[in-house]
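Report on the structure given below.
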Amino acid sequence: MMDNSRVVNTYPLSSYHFYIKDQKTEKNYSVRARLSRLRLNYSIEGMKRSVEGVLLVQEHNFPYVLVFKIGDTLHKLPGGKLRPGEDEIEGLKRKLSSKFARNNPEHQQNWQIRECLGIWWRPNFDNVLYPYCDSHIQPKECTKIYLVQLSAGESLGVPENFKLLAVPLFELHDNGKYGRVLSSIPRQLSTFRFNHISP
């Protein structure tokens, strides 16, 4: 018998309403810019704590992951940096609302954050991430990846200066084009069963 906690409901991409919202300030349009900011902030704040969400939809009963494309080559999951002392779940909800919710403070999106799928560590000021951290290393960044259960029929705003892609799970698998974190998502989801729900 399948454990219901290991079931992910996915709904067709067509069941969601996407609209363009105001531009979102993106400080890191390139890997070089991101690492430069990381070095500067580390000297002031210490290790950067980040959270990102895996949001799934389906097309023709195949799971797809929603991914932002920023600039020409940067692909990333929705999420971002936590504030000092901020709770990870509340921080992820804040970041998802910042990216997707309407520019209306009265509108509250119901983000259903599920379990942590993985933790990634950046030991140095470079673009290499690891799913572990040796005890003698002082990491520069820790990013936790959470599964987010999307409800059917949500309205999701996409900042005008971002592209939102629905990338098939099979395309992400070990695909270096998307980087280590994104290309590991199929493996992280391999213990779940997808319940593809049609409207």
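The values are calculated or read from the model by the stated rules, or taken from the named source; none is laboratory data. These numbers were taken from a predicted model, which means no experiment stands behind them. With ideal geometry, Cβ positions are generated from the backbone for all residues, glycine too; neighbour counts draw on all protein chains shown. Calculation scope for accessible area: heavy atoms of the full protein, side chains included, ligands and nucleic acids excluded. Shrake-Rupley method; radii C 1.70, N 1.55, O 1.52, S 1.80 Å.
Values computed for the structure shown
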| item | result |
| --- | --- |
| Any hit, region 119-134, residues being in contact with a helix residue (DSSP H, G or I) (Cβ under 7 Å, 6 or more places away or on another chain) and within 19 Å of Phe18 (Cβ to Cβ) | no |
| Residues of region 38-96 that turn out to be farther than 24 Å from Ala152 by Cβ and aromatic (Phe, Trp, Tyr), as a count | 1 |
| Residues of region 26-44 classified as within 22 Å of Tyr146 (Cβ to Cβ) and either modelled with pLDDT of 80 or more or open to solvent by 40 Å² or more (accessible area, probe 1.4 Å) (or both), total | 2 |
